[in-house]
Amino acid sequence: MVKTFLVSTAGGRIDGFIKLINSLKRYAASGWGIRVLFQKYSDEDFEKAESSLKEIFGENYSTDRSDELTGGHLSRVYLLDKYDSDIWMLLDDDMEALPFYTNYDMMSAIVQKDKSIGLISGNWRRTEGMCKKVQKVNKILKQDIVYTGGGLCFRNDVAEIIKAIPRKMYLFDNPLWSIYVYVAGYTNCRYMGSVAVHNICTKGGRRRWLSEVSEEKSLPPSEYITTHKGKGKAGSNDEYLICDSSDITDFAKELHRRNKK
C-alpha cells in the first residue's frame, strides 16, 4: 500500500514548509512518501527545503519546480498526473501535524476500508494550544463539501475523478474537488479523531496567487454549486465566498443519488 503526502508550496513560505516537513517525521518512518511542487522558490530556499526532505523522507520523496504560480487546483493536479499512489493525503504548506492529536494513519485506514467514501478531511485549529483543547472522537461525520485544513485523504480512484476536472485556474479548489467527487456518487466526510495546526491567512500562498496572477479565475460549475459574493472588492477575485455544503444545487444532489456508491 503506497501512501503519499501531496504538497504545493509557493516561494516565501519556506519556514512554514520546513515546520510542516519536520512534523511528518513519524509518518515518514512508517512508510509514507511525499511529492512536492515548489512554485517560484529561490534556489537557496529550494536547496534548504530539499535538504530537509531528504533528511526526513530518505529516498521516498520527489520534488518539482515551477517559475509560475498556477493556483491550488492546477498545481496539485500536476503532481497527481505525474506520480502514482494508492492513498493520497493533501496538505497545505502552512500546516503542522501534532503527536497524539493528528492521525493521518487512521484517515488512510478509513478510506481503504470504505470504498463509498470519496474525500475525508481532518479537523484543524490555528494554534497548537487550540488543537489540544479539541475533544477527539473516533467518529466520522458526513460533510458534502470538505476542506484541506486538517489534511484531505483520498484513494487513487478518487484522484482519477479530480484529474478529469477541466484544467482551469479555479478560484477555489476544495469545493471544486468536493463537488465533482460528490456528484460521482461518493460520500465525503470529516474524521473527528484527528486535528492539526493550520496557520490560515499567512502571507503568500493563495493570497499571492490572487494578487500576482492576472488571468481570469474560474468558479466551480454553477449547475453543481451556487457561489455567493461577500464583502470583497467588486470585480476582484476575492469578492466570492468559499462554497459550503448548503450551496449544492438540487441537480447535483440528484446526480449524487443516481450515482451513489
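Structural remarks
- Unique residue being over 14 Å from L90 (Cβ atoms), within 18 Å of the chain's Cα centre (by Cα) and among the β-branched types (V, I, T) when the list is I140, I110: I110
- Note on the stretch 18-40: residues that are at pLDDT 95 or above and either farther than 21 Å from R155 by Cα or surrounded by fewer than 16 Cβ atoms within 10 Å (Cβ to Cβ) (or both) amount to 12.
- The set of residues in the stretch 120-134 being open to solvent by less than 40 Å² (accessible area, probe 1.4 Å) and either among the polar types (S, T, N, Q) or within 17 Å of N174 (Cβ to Cβ) (or both) consists of I120, S121, G122, N123.
- Filtered residues of the stretch 144-171 (kept if open to solvent by less than 40 Å² (accessible area, probe 1.4 Å) and of a type in the set (S, T, N, Q)): T148
- Criterion applied to D86, D67, D114 was being among the acidic types (D, E) and closer than 27 Å to K48 by Cα, and the one residue passing it is D67.
- Residue within the stretch 64-76 that is among the basic types (K, R) and under 20 Å from G151 (Cα atoms) present: yes
- Residues that are within 15 Å of F154 (Cα to Cα) and among the small types (G, A, S) within the stretch 88-135 comprise S108, A109, S116, G118, S121, G122, listed in sequence order.
- From the list D81, D86, D105, D114, the one residue that fits, being open to solvent by 30 Å² or more (accessible area, probe 1.4 Å), touching a strand residue (DSSP E or B) at 6+ places or on another chain (Cβ under 8 Å), acidic (D, E) and farther than 18 Å from H198 by Cβ, is D86.
- Single residue of the stretch 64-78 satisfying the filter (more than 17 Å from T4 (Cβ to Cβ) and open to solvent by less than 20 Å² (accessible area, probe 1.4 Å)) that is farthest from the chain's Cα centre (by Cα): L69
- Counting residues in the stretch 56-63 that are without any contact (Cβ under 8 Å) to a residue 40 or more places away in the chain and crowded, with 22+ Cβ neighbours inside 10 Å gives zero.
- For M95, the criteria (1) closer than 21 Å to T9 by Cβ; (2) open to solvent by 10 Å² or more (accessible area, probe 1.4 Å) hold in every case but one, which is (2).
- Residue match in the stretch 21-32 (condition: assigned to a loop (DSSP other than H, G, I, E, B), touching a residue at least 12 places away in the same chain (Cβ under 8 Å) and either among the small types (G, A, S) or farther than 24 Å from S108 by Cβ (or both)): yes
- Residue within the stretch 104-119 that is modelled with pLDDT of 95 or more and under 22 Å from M169 (Cβ atoms) present: yes
A quick yes/no check of all residues on (1) assigned to a helix (DSSP H, G or I); (2) at pLDDT 95 or above:
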position	(1), (2)
S52	yes, yes
T63	no, yes
E68	no, no
L74	yes, no
L80	yes, yes
S85	no, yes
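- Looking only at the stretch 2-17, and only at residues there that are farther than 17 Å from F57 by Cβ and assigned to a loop (DSSP other than H, G, I, E, B), the one that is most open to solvent (accessible area, probe 1.4 Å): G12
- Checklist (1) more than 12 Å from the chain's Cα centre (by Cα); (2) modelled with pLDDT under 95 applied to G149, failing item: (1)
The values are calculated or read from the model by the stated rules, or taken from the named source; none is laboratory data. From a predicted model like this one, the values you see are computed outputs, not experimental measurements. Note: ideal-geometry Cβ built from the backbone for every residue, glycine included; neighbour counts use all protein chains shown. Areas reflect the complete protein model, heavy atoms only, side chains present, ligands, DNA and RNA absent. Shrake-Rupley method; radii C 1.70, N 1.55, O 1.52, S 1.80 Å.
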